[in-house]
Amino acid sequence: MQNHHLWIALTLAVGIVPAQAETIQVTIDRLVFSPATVEAKVGDTIEWVNKDVFAHTATVKGGWEVMIPPKKSASLTLKTAGPVDYFCRFHPNMKGRLVVAP
Ligand SMILES: [Cu+2]
């Protein structure tokens, strides 16, 4: 009986949590971030999946940098709101954008 009540309490609690943090994948294939623009919110995690055989980065000028080794993935949890443009330091033509809601 105690367990039953606990289960109901948990179910109700989950129901009122506003929005769950998500993990959003960005694929890198043949020197292209895809999707190039991602809409996310603070607390979400971006996971870059590198399908290429060479390393890439997701680099923000004056900000953070994530190294994504060949055939591997790397991730970053978003801490600040606002739009942010990033590029690959090895291939500056590779560009991506994160639009981060509070
Ligand atoms: Cu690159």
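Rule-based calculations on the coordinates, nothing more; no lab input. The structure displayed is predicted, hence computed values, not measured ones. Cβ atoms come from the backbone with ideal geometry, glycine included; neighbour counts cover every protein chain shown.
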Obtain the nm distance between the two label points defined at Arg97 and Ala36 by a simple spin-label model: each point lies 7 Å from its Cα along the Cα-to-C-beta direction.
-> 0.9
What is the local net charge at Ser73, summed over the other residues whose Cβ is closer than 11 Å to its Cβ (Lys, Arg +1; Asp, Glu -1)?
-> +2
Restricting to Cα pairs under 8 Å and 6 or more apart, the percent relative contact order of region 20-101 works out to 32
Once you have the Cα-Cα distance between Phe90 and Ser75, take 0.36 nm times their residue separation minus that, and quote the gain in nm to one decimal.
-> 3.6 nm
